[in-house]
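Student: The structure follows.
The values are calculated or read from the model by the stated rules, or taken from the named source; none is laboratory data. From a predicted model like this one, the values you see are computed outputs, not experimental measurements. Heads up, the Cβs are rebuilt from the backbone with ideal geometry, glycines too, and the neighbour counts pull from every protein chain shown. Just so you know, the surface numbers come from the protein's heavy atoms only, side chains and all, with ligands and any DNA or RNA stripped out. Shrake-Rupley method; radii C 1.70, N 1.55, O 1.52, S 1.80 Å.
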Amino acid sequence: MDIHRYEKIWLAGALLLIVGFIATVSYGAVGAGIEMVNDEGGQVDPASLDDHPRFGEPGTYQSGPNEYDVYVVAQQFAFVPGTQEPIRVPANSRVTFHVTSRDVTHGFEVVGTNANTMAIPGQVATITVEFGDATEDGYGLLCHEYCGAAHHAMEGSIEVVPQSEWNESMAVN
Ligand code: CUA
């Protein structure tokens with residue numbers, strides 16, 4: 001069977017495109033520090049979050065030198081903390097967010113970064129973020145999963161406090 005030269009070129013081009021698309025999709029899924037949220041954050045009973053040693057009093061907890069854990073409860077239609085008052089973290093720190101939901105599935109996105117997870121009732125999502133210098137504006141927080149009538153208004157902020165101004169009273173909000 002004789003394949004015309006132009007047809008061979010088009011076949012090769014189409015093949016290259018397919019390989020190229022698979023490569024970009026693969027890179028988007030696992031490259032550039034992207035990883036899926038797994039179940040290592042553990043589970044909680046969404047009905048008794050108030051009795052939980054951390055989610056009962058959500059906020060920032062120091063776990064080591066320059067290492068912090070931030071516990072956040074997402075609920076219709078606020079992040080606690082984050083919405084009423086900003087989440088406060090010290091500058092130049094490594095912060096692990098533990099995020100869960102009290103009611104329905106929410107999203108938790110640190111705007112302008114690739115820190116982004118779902119907040120699912122019963123499940124604790126953990127994501128670790130390295131914060132640099134203190135920023136005047138901090139970071140925005142967004143809910144990116146439709147969670148009800150005021151989903152579009154569910155937002156918050158993170159304040160990066162200079163280490164010299166950081167003190168224990170800021171730790172738990
Ligand atoms: Cu919470 Cu959308």
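Student: Please determine whether any residue of the range 57-67 is exposed (fewer than 10 other Cβ atoms within 10 Å of the Cβ) and modelled with pLDDT under 90.
Tutor: yes
Student: Is one or more of the residues making up the range 98-109 within 16 Å of the ligand (Cβ to nearest atom), acidic (Asp, Glu), open to solvent by less than 50 Å² (accessible area, probe 1.4 Å) and touching a strand residue (DSSP E or B) at 6+ places or on another chain (Cβ under 7 Å)? Write out each step before concluding.
Tutor: If we filter the range 98-109 for residues that are within 16 Å of the ligand (Cβ to nearest atom), which is where we start, we get 99-109.
In the following step, the residues that additionally are acidic (Asp, Glu) were identified as 103, 109.
After this cut, where a residue has to be open to solvent by less than 50 Å² (accessible area, probe 1.4 Å) as well, the list is 109.
Retained after the next criterion (residues that are touching a strand residue (DSSP E or B) at 6+ places or on another chain (Cβ under 7 Å)): 109.
Checked the range 98-109: at least one residue is within 16 Å of the ligand (Cβ to nearest atom), acidic (Asp, Glu), open to solvent by less than 50 Å² (accessible area, probe 1.4 Å) and touching a strand residue (DSSP E or B) at 6+ places or on another chain (Cβ under 7 Å).
Student: Do you know which residues across the range 116-137 are within 18 Å of Thr60 (Cα to Cα), surrounded by fewer than 19 Cβ atoms within 10 Å (Cβ to Cβ) and of a type outside the set (S, T, N, Q)?
Tutor: Hits for the range 116-137 are Val129, Glu130, Gly132, Asp133, Ala134.
Student: If you don't mind, there's one more thing I want to ask. So if I check each of Tyr61, Tyr146, Tyr139, Tyr71, which one is in the same structural domain as Glu159 (by TED's automatic domain parsing), within 16 Å of the ligand (Cβ to nearest atom) and of a type in the set (Ser, Thr, Tyr)?
Tutor: Tyr146
Student: In addition: Any idea which of (1) open to solvent by 60 Å² or more (accessible area, probe 1.4 Å); (2) out of contact with any Cys (no Cβ under 7 Å at 6 or more places or on another chain); (3) polar (S, T, N, Q) is the one Ser48 doesn't satisfy?
Tutor: That leaves (1) as the condition not met.
Student: Out of the strands (runs of 3 or more DSSP E) lying entirely within the range 82-173, which hold 2 or more residues that are aliphatic (A, V, I, L, M) and under 13 Å from the mean Cα position of the chain (by Cα)? Spell out how you get there, then give the answer.
Tutor: Details: elements: 87-90, 93-101, 106-110, 116-119, 125-131, 135-142, 155-161.
Once the strands (runs of 3 or more DSSP E) in the range 82-173 are filtered for at least 2 residues that are aliphatic (A, V, I, L, M) and under 13 Å from the mean Cα position of the chain (by Cα), what remains is 93-101, 116-119, 125-131, 135-142.
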